[in-house]
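A short reminder: the numbers here are calculations on the coordinates, not readings from a lab. For clarity, every value in this text was computed on a predicted model and none was experimentally measured. Here Cβ is always computed from backbone atoms with ideal geometry, including for glycine, and neighbour counts include all displayed protein chains.
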Amino acid sequence: MTIVTTETTLNAAIVTADGAAANTGAMTIDIAGGISLTTALEAINLKAGNSLTIAGTNGSGGAKSQTLDGGHAQRGLFHGWEVRLTWNSG
């Protein structure tokens, strides 16, 4: 599990997940605060056998909704065509 609170740390966590060897398995990025985007986030392109959960958290393990705000100028999360995405906003 990786806890992120900034655009820089979120991008770094995505790059780390993308770089994980095939069949590493499940990885999690916990967003522990609202993030304002000033640049495009890295695309999510996982290798075969890997999965990534991106979850909002209160920073202590509890669930909490968090916001990624691109200010109508940035796209937010982007995944490659071979990545299956499941979205849960609840």
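Structure values in brief
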{"quantity": "For Thr28, distant residues with modelled amide H under 5 Å away", "calculated": "Thr2, Thr53"}
{"quantity": "Fluctuation leader among Gly61, Gly76, Gly34 - the chain, Gaussian network, Cα springs under 10 angstrom", "calculated": "Gly61"}
{"quantity": "Cut-off under 5 Å, modelled amide H: who pairs with Lys64 long-range", "calculated": "Gly56, Thr57, Asn58"}
{"quantity": "Charge tally in the Cβ shell below 15 Å around Gly76, where Lys, Arg are +1 and Asp, Glu are -1, Gly76 excluded", "calculated": "-2"}
{"quantity": "Environment charge of Ile35, counting only residues whose C-beta is closer than 11 Å and scoring Lys/Arg +1, Asp/Glu -1", "calculated": "-2"}
